[in-house]
Every structure is written in structure tokens, then in C-alpha cells.
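Notes follow once the structure below has been shown.
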Amino acid sequence: MGTSASSTAPVIVWFRQDLRIDDNPALSAAAESGAPVIPLFIWSPEEEGNWEPGAASRFWLHHSLTELTISLARLGSPLIIKRGYSLSVLRDFAKEVGAHAVYWSRRYEPSTIVRDKNLKGALVNDGVDARSFNANLLFEPWQVLNAKNEPYRVFTAFYKAATALVTPPAPIDPPKKLVAPVKKVRSVAISDLMLLPKINWTMGLNDAWQPGEKGAKKNLEIFLDVLNRYVPDRDCPGVSGTSRLSPHLHFGEISPRTIWHAVRDTGKAGESKTTYLKELVWREFAHSLLYHFPHTANSPLRPEFERFAWRNDPDLLERWQKGATGYPLIDAGMRELWHTGWMHNRVRMIVASFLVKDLLLPWQQGAEWFWDTLVDADLANNTLGWQWSAGCGADAAPYFRVFNPVLQSQKFDPDGEYIKRWVPELSGLPKAWIHHPWDTPKEVLKAAAIELGKSYPQPIVDHAFARQRALEAFKQLKPVAAK
């Protein structure tokens, strides 16, 4: 124990992306110390540099903080909320309450690492015990290295090395009670953070999600019930075949250890179980890459892509953003994203390929749009996904892999159920034509009350032409072979 139970010097637990009670090492360590515990959240978006939380993330954060406050109050010490720069707020607050320690969960984004290092040094200089814990990864980024002590750039090798390490530890039970601070502590209200938009466009998000730890546990239970169908269903956007745990993981409402052990210990689905656990390790790979290559949030990992001649076309970008490209699967995905703050993973790959290869627009513009609109916007995962799609990152899709949006649509949404859900103006088309309405006979279009160019747009680019153009452009970047 860090201090005796009779001590009145409190421990501050600084919450960030670990908005949960279960398997929270910092919270558990503070509770076990026997000292009063003051849970603290600091709203400091300006410290995130170019990556302030987007609109969808702010919506999620508002509701997640609301639930966390209730959960902590039930344990005996409600969440205190402050605004301002983390370093000054923490130092001032620690002095105000006479805290002897500050505990928090580690984050791994480039700017955060620098900030936390400076913060820890300042607290120690103030005579405060400052400790950080791994709450949000199965493995620390510095644990999984190759024989040369270098980070992996290929997922298969990373996966083998990571899974050869010790099994991720079992999740920690939540504390049963927190000792409240002796003095009343001031806090701003969650509403004072103004996280929700002034004009309420969040109805779709409210319908689709339950932010917070309860919602995370509920989604995990639902997923475990259908886990045996994960392999056949996970690529089909019209089917509820994925876990939908990504926003809960990003905000730390559930730990990867909890998910890992719940999936591993279930008696179902050998192949599906292995495949899903591999997806959790893919998330670890993303965080490892961002940790070791911090420039990749804005710049390509493969330097030859710095000279790629991306196009600049705000009109095409807006058509893509609004789901008005004339390609039904692309438009369905982009509209699902706008309405629910989420998009099926298979569709994410297809819409990303379309942006960077069919339209030749820079991957950074896609990453920025996803950052603002996704409830699971995560810098490491967003960066890896977009660099993979553009072919400029680690373990990237080869430049000649250009997704055909029609063939992908026919393969993964054969009956057009996903398209009909999100592009209802096409719902009258038979499945033979719904994937490529521009080829539909006039009488069929008329019967479906569709007028191409008016009720639904013509394609903004011809895929065959765009594919060839992309191949020629990307071919110029092939590294010159050594003689």
C-alpha cells in the first residue's frame, strides 16, 4: 500500500481515455492505497494539436462522462471536471486538495507522450507521486520488437511476435468502494464543456449507440452470442456481424483485456474466435506504428509518397463526403457514417480506396473527415487504415489493388439490403441493377421512380478509367530496384 488507510492526503485519478470502473489499474491502485480518491477529468482539447476531438467524438464524450460520473458517485467519490491545460490544472489541483499522488492511464499519441513526460517530471518536482499504468493495450508498444530491437512494419510478423509474448493478464475487478475526500471539491458541470452541438443533429447517433461502460458490456454480450458467425458475416455490411466495440475501446469504456479474455474463454467458434482476436492485435499494431513513427499521423510512412501528385478538387471531395458519388455502396457507407457516426469496416476500405485511387484525392483529407464524423475516431487506427488504403504505410495494400465498388457491392451486399437502408431512393431497383443503376434499362428506372442525374446522381467518375489512371500514377512511385 502506498499510504495508510488513516491518511487524509488524497490520490487523484486522472481519467482520459479510460472512462470505466472495471479493469482500470489506476483507479484500483488508488482505491487499494486506502487514501481518499478524487477522480478527475480535464477538458483540454487545445492540447491535442491538429487532432482535437471531432464533433462525433464530443457527442460520445458527453454521454460517457455522464455515465462515469454516476458510477463513481455510487462508489463514493464522484468525478470532478476541470478545464484548462493539464499541467497547470493538475499541479494547482494537487496543491489545492493536498494530494500526495496522481495516477493515470497511459496514452500513446506523439503529442501526448511529450506532454505526459513533462507533466510527470513537474509533479515529481512538486513532491507528488506520479504514476502511469497500461489500461488500454494488450502489449506496450516497446514490448513487441524484432530481433534488431526495431518495430515491425508487417502485421503478420508483429502478430506472431505479440502472441508469442505472455498472455495478456486477466482484467482487474473494480473497486467496491472509494474513500471520499474530506473537503468538498469544486467541479464544472459536463454541460459547461459544451460538447453537444447547438443544432441537434445527433438523433441518429442516439438511436445507434449507448455510450458508456454499460453500453460497452451490452455490445460485448451481443457479440459473444453471434461470435460463431463472425468469419462468414464480418464482411457483409447488411448483417450485424461485427462487434461494434471500437468506440467503446477508444474511450476506454471497456479494456482490450476484458474483450480478449471474454472471447478466448467462450466455448464457441474456433475460427471466428481466432480471427477476431487477430483483429484486436491489429489494433495493437496500429498503436505500435504511431508510437514508433509519430510523423505518420500527417505524413506517409513510405517517403516516396511525399512526391505523389494528389489532385485538389473540393467538389469531388464534397460529393464523396455527402454520399453523392453515384456508386451505391460508396454512398451508403458515407451516409451511414454521417447518420450514425460509424461505418462498417469492409465499407471503410472501399470508400477509402475510392477516394485515394478513383478520385486521386489525398488520404489526409479522408482521414480528417473520418476524424470529425466517426464516434470511434482513434488517431492510431485512423492513420493505419488510411495509409493502408493509400498504399503509403506499413503492411500497405499494394498500389495495384484498387477496389471495384460494383464488384465489392455485389459480393458483400448481394441483395442490396445495406444499399436500400442508406440509399432509399434506390430501394425500388431489383438486385440485378441496384449495384450499378447507370446500366439499368429505362423502363426499370421509370418503374422504380428513379431519374438518374436528379433523384440519384450519375457516377462522378468512370471506374475503369479511374483505375487505369491510378495505376499509371502509382507506378511512378515504385522504388527503383538496386543494381
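Taken together, the values in this text are just the output of simple stated rules run on the coordinates, not laboratory data. From a predicted model like this one, the values you see are computed outputs, not experimental measurements. Counting neighbours? That spans all protein chains shown, and the Cβs are built from the backbone with ideal geometry, glycine included.
Each label was represented as a point 7 Å from its Cα along the Cα-to-Cβ direction; for Q458 and A164 these points are 5.7 nm apart. Does the stretch 156-306 classify as rounded, prolate or oblate by the C-alpha gyration tensor (a ≥ b ≥ c root eigenvalues; a/c under 1.5 gives rounded; else a/b over b/c gives prolate, otherwise oblate)? Rounded, since a/c falls under 1.5.
Annotation: aspartates and glutamates with alpha-carbon distance below 19 angstrom to K431 (same-chain offsets under eight excluded): D235, D331, D413, D415, E417, D439, E443, E451. Bridges between two residues of the chain, per DSSP, are antiparallel at a rate of about 5%. Using a simple spin-label model with pseudo-atoms 7 Å out from Cα toward Cβ, K475 and L196 lie 5.6 nm apart. Calculate, for D439 and K322, the FRET efficiency according to 1/(1 + (r/R0)^6) with r their C-beta to C-beta distance and R0 22 Å; round to the nearest 0.05. So, using R0 = 22 Å, E works out to roughly 0.40. Taking the Cα atoms of the stretch 360-402, the ratio Rg/Rh between the radius of gyration and the Kirkwood radius comes to 0.98. Note: relative contact order over the stretch 303-475, using C-alpha pairs below 8 Å and six or more positions apart, is 26 percent.
Remark on R83: its backbone amide H falls under 5 Å from those of W43, a criterion applied only to residues 5 or more positions apart or on other chains, H modelled at 1.01 Å from N. In terms of the Cα gyration tensor, with a ≥ b ≥ c the square roots of its eigenvalues, is the stretch 151-214 rounded because a/c is under 1.5, prolate because a/b exceeds b/c, or oblate? Taking the square roots of the gyration eigenvalues as a ≥ b ≥ c, the stretch 151-214 is oblate. Counting only residues at least eight positions apart within a chain, or on another chain, the lysines with an alpha carbon under 22 Å from that of K120 are K82, K95. The helix-only estimate of mean residue ellipticity at 222 nm for the chain, built from DSSP H runs of length n ≥ 4 each weighted as -39500 (n - 2.57), is -13500 deg cm²/dmol after division by the residue total. Between A130 and V102, the built amide H atoms are under 5 Å apart, and every one of these is 5 or more places off in sequence or on another chain. Across the stretch 429-438, coupling constants 3J(HN,Hα) worked out from phi with the 6.51/-1.76/1.60 Karplus curve, θ = phi - 60°, read 7, x, 5, 5, 10, 5, 7, 8, x, 5 Hz, and Gly and Pro carry x.
List residues of the stretch 23-45, by number, whose backbone nitrogen lies under 12 Å from a label position 7 Å along Cα→C-beta of R131. Residues 25-35 qualify, since their backbone N sits under 12 Å from the label point. With Rh defined as the Kirkwood radius, the inverse of the mean 1/r over Cα pairs, the Rg/Rh of the stretch 11-134 is 0.94. Between T66 and A147, what FRET efficiency comes out of the Förster formula 1/(1 + (r/R0)^6) with R0 = 56 Å and r the beta carbon distance, rounded to 0.05? So, using R0 = 56 Å, E works out to roughly 0.70. Based on alpha carbons, the Rg and Dmax found for the chain are 24.1, 83 Å. The stretch between V154 and E96, if pulled fully straight at 0.36 nm per residue, gains 16.0 nm over its current Cα-Cα span.
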